[in-house]
Amino acid sequence: MVYYIEFSEQRLHEYRNNLNWKGDGTESNPIIIESLEGLNQYLRFKDIKSHIIIRNVELCEFYVQSCQNFSIENCTVYYLWINYCRNVKVEKSTIVNIDMRFSGACTVRNNNFHKDSGFTNHTLERKGEGGFSMGIGCDIFLYVLSLFFFIYFLVLGLTSPKGPNIPVIIISIALSVLSFFILIPILKSKRKQSSIKNLPPNIIEFNKLTNLEELEKKYSEIYDI
């Protein structure tokens, strides 16, 4: 069974103190991780704004989510996820699979990717910002409001003094279908397009596609390839 070590802002500094990592997480003195001693090859970093440099390590799976000011240098990674991030750098590393989404102001430069990863210098996705944002809060509000009006009109139609009011019941169902499957998805799409437009551009350049057969063979038993 795979055991992931999860890092939040607080846990990062606890590990820093316990494992004597260099740095304090400021821009002028970033936390530097150069060894997996006390860790394993399955790491998840989430909701971290401290400045971090992780270098010269080999990782099987590495998640970086909702983080800022994060650098990956000269590492070997089988699976790398970078989602909802800003100002993340991936440089001079060897990576079999990479997935970068909803991120801006990130730099992916001078890396080796597996030839079948589907990666090119133009295919990493730039989408809207993530995390539990005002946008998600609005979605929840709209769904709850739609559900409220559906129940309200349905009860109104069913409890009519003259018996069930079929037209009112039909209207309640039609309005719910309209809001759930048409209006709310349109609003989400418009908001997503706006957030994409406002994201800072990523810098993705000078990356190469190579065979990486030895690395793929090394992890083949883990993933039953």
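The values are calculated or read from the model by the stated rules, or taken from the named source; none is laboratory data. On a predicted model such as this, the values are computed, not experimentally measured, just so you know. Every residue, glycine as well, gets a Cβ built from its backbone with ideal geometry; the counts of neighbours run over all protein chains shown.
Some notes on this structure:
- Residues (under 9 Å from the mean Cα position of the chain (by Cα) and in contact (Cβ under 8 Å) with a residue 60 or more places away in the chain) located in the range 66-87: SER66
So that you can scan it fast, the table gives a plain yes or no per residue for (1) in a strand (DSSP E or B); (2) in contact with a Ser or Thr (Cβ under 8 Å, 6 or more places away or on another chain); (3) assigned by TED's automatic domain parsing to the domain that holds ASN207:
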site: PHE62; (1), (2), (3): yes, no, yes
site: SER71; (1), (2), (3): yes, no, yes
site: VAL96; (1), (2), (3): yes, yes, yes
site: MET100; (1), (2), (3): yes, no, yes
site: VAL108; (1), (2), (3): yes, no, yes
site: ASP116; (1), (2), (3): no, no, yes
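- The range 31-55: number of residues that are polar (S, T, N, Q) and surrounded by fewer than 15 Cβ atoms within 10 Å (Cβ to Cβ): 2
- The residues on offer are GLY38, GLY23, and the sole one that is modelled with pLDDT of 95 or more and at positive phi is GLY23.
- Selection of the range 71-83 for residues being surrounded by 20 or more Cβ atoms within 10 Å (Cβ to Cβ) and at pLDDT 95 or above yields ILE72, CYS75.
- Pairs with Cβ under 8 Å, 6+ apart, first in the range 15-41 and in contact (Cβ under 8 Å) with a residue 12 or more places away in the chain and under 19 Å from GLU61 (Cα atoms), second β-branched (Val, Ile, Thr) and part of a loop (DSSP other than H, G, I, E, B): ILE33/VAL57; GLU34/VAL57; SER35/VAL57; LEU36/VAL57
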